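What follows is a set of notes on a single structure, which appears directly below.
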Amino acid sequence: MHAWPASEVPALPGKGRDLTIHDTATGGPVTLDPGPVARIYVCGITPYDATHIGHAATYNAFDLVQRVWLDTKRQVHYVQNVTDVDDPLLERAARDNVDWVSLAEQETTLFREDMTALRMLPPRHYIGAVEAIPGIVPLVERLRDSGAAYELDGDVYFSVEADPHFGGVANLDAAAMRLLSAERGGDPDRPGKKNPLDPMLWMAAREGEPSWDGASLGRGRPGWHIECVAIALDHLGMGFDVQGGGSDLAFPHHEMGASHAQALTGEFPMAKAYVHAGMVGLDGHKMSKSRGNLVFVSTLRREGVDPAAIRLALLSHHYRADWEWTDQVLQDALARLERWRAAVSRPDGPSAETLVDEIREALADDLDAPSALLAVDRWAALQEERGGTDEGAPGVVSRAVDALMGVAL
Ligand code: 5CA
Ligand code: ZN
């Protein structure tokens with residue numbers, strides 16, 4: 001699949017510092033030390049509805065990760081998937097009486113447009129589940145042949161007991177795992193499973209549903225977790241730097257993915273840091289496609305909201321916090337954008353040297369974007385109150401805000 005066009009990342013004087021980030025698996029900060037090419041996998045959308053503010057907030061977090069790395073003069077190898085075949089997509093297509101392929105294509109196109117408008121850096125490899133199937137099948141066969149997977153009425157399940165590290169990503173107790181498994185695509189109550197938590201690797205063809213050739217697995221379609229593992233291992237290999245997604249992916253998705261990879265390669269961990277963004281809510285509930293309480297990026301754009309203001313609204317919350325989208329959040333972002341634009345539109349201003357360091361420090365410290373915004377606010381306030389004589393300063397500020405936070409002033 002093609003991704004979306006890259007917006008330019010201006011080069012800044014000097015160099016940023018290495019990123020320290022909260023790792024769900026260890027429950028604490030890790031300072032990542034990627035090689036010259038940092039490797040990151042971020043779980044993509046299931047394209048049955050438009051990009052909402054919650055998605056955008058999660059992708060904003062991982063965009064910041066990359067911008068911090070780029071500022072340390074590294075390259076970034078970024079991979080993202082599109083879950084373009086899965087139960088929720090097929091169910092939505094059936095409900096609305098539309099072709100599931102067209103629905104997925106249409107929503108993926110809209111997602112690309114939203115990401116472009118928000119200046120999110122595109123992945124180098126943007127891979128759909130369907131196009132990954134030829135790579136998934138041999139992995140499932142290998143897991144089955146090694147005894148890490150078993151068949152149940154034609155479906156193939158992964159055995160969580162095959163991984164000695166199982167549970168080490170989300171660190172949840174058995175009851176919590178069982179509950180979340182039922183809520184998030186698992187089937188803990190299906191009779192005949194070795195362990196209720198075992199996730200499906202390959203689902204045998206169902207009447208009226210799409211299916212693909214699965215070689216010795218028979219016709220069917222892939223499970224959700226193996227999709228991301230196959231794509232990540234194919235394009236990044238084991239031991240990449242960050243696997244990212246919203247906090248609702250820690251269990252079962254990233255937990256199971258880590259176990260699949262361990263059983264396949266004998267290596268651990270798949271990612272050096274498992275990074276999770278908080279959930280954005282609306283009217284007291286997590287914004288979710290299934291609940292329907294959504295604010296779409298595309299709707300805001302159609303209403304004429306500047307995407308830079310949407311981006312500032314996302315940046316005004318720490319990525320790990322759960323927060324609520326309100327009209328006030330957007331109004332504050334619009335006002336901030338106006339203040340910043342006025343401040344950088346003057347030919348000179350207060351020195352920006354310490355400001356660039358402050359933004360860099362804030363972001364390198366677990367992506368503290370709210371503190372970075374406050375630092376820019378202080379510079380803009382100084383500019384408004386007293387101005388300054390540094391001729392390069394407004395340009396440095398607008399380049400820094402663009403390079404490090406994707407905000408075009
Ligand atoms: N296709 C899978 C991942 S492989 C999936 O979860 N798709 S999704 O469309 O449901 O979500 C895409 C990303 O947005 C995931 O990282 C998810 O954790 C995140 N996300 C979903 N809802 C919210 C929300 N309300 N707030 C923050 N992030 C969210
Ligand atoms: Zn995923």
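The values are calculated or read from the model by the stated rules, or taken from the named source; none is laboratory data. Keep in mind the model is a prediction, meaning the values are calculated, not measured. With ideal geometry, Cβ positions are generated from the backbone for all residues, glycine too; neighbour counts draw on all protein chains shown.
Remarks
- Which numbered condition VAL242 misses (of (1) within 12 Å of ligand 2 (Cβ to nearest atom); (2) crowded, with 24+ Cβ neighbours inside 10 Å): (1)
- Of all the criteria given as (1) more than 16 Å from ligand 2 (Cβ to nearest atom); (2) within 16 Å of the chain's Cα centre (by Cα); (3) within 23 Å of ALA230 (Cβ to Cβ), the one not satisfied by GLN262 is (2).
- Only listed residue being at pLDDT 95 or above, out of contact with any Pro (no Cβ under 6 Å at 6 or more places or on another chain) and part of a loop (DSSP other than H, G, I, E, B), chosen from PRO196, PRO191: PRO191
- Of all residues in the stretch 40-51, those satisfying the criterion of being within 7 Å of ligand 1 (Cβ to nearest atom) and either not aliphatic (A, V, I, L, M) or not assigned by TED's automatic domain parsing to the domain that holds ARG95 (or both) are CYS43, GLY44, THR46.
- Residue check for VAL356: modelled with pLDDT of 95 or more, within 26 Å of VAL242 (Cβ to Cβ) and surrounded by 17 or more Cβ atoms within 10 Å (Cβ to Cβ): yes
- Residue list for the stretch 382-397, filter: assigned to a loop (DSSP other than H, G, I, E, B), closer than 10 Å to ALA352 by Cβ and within 39 Å of the chain's Cα centre (by Cα): GLY392
- Checking each residue in the stretch 82-97 for being away from ligand 2 (no atom under 16 Å from the Cβ) and either among the charged types (D, E, K, R) or surrounded by 13 or more Cβ atoms within 10 Å (Cβ to Cβ) (or both) picks out LEU90, GLU91, ARG92, ALA93, ARG95, ASP96.
- Here ASP248 meets the list (1) within 7 Å of ligand 1 (Cβ to nearest atom); (2) not in a helix (DSSP H, G or I) almost entirely, failing just condition (2).
- For the stretch 141-159, a tally of residues being closer than 23 Å to PRO88 by Cβ and either within 28 Å of the chain's Cα centre (by Cα) or part of a helix (DSSP H, G or I) (or both) returns 3.
- Exclusive hit being part of a helix (DSSP H, G or I) and without any contact (Cβ under 8 Å) to a residue 40 or more places away in the chain, set PRO134, PRO138: PRO134
- Looking only at the stretch 22-50, residues that are assigned to a loop (DSSP other than H, G, I, E, B) and of a type in the set (A, V, I, L, M) come to 4 in all.
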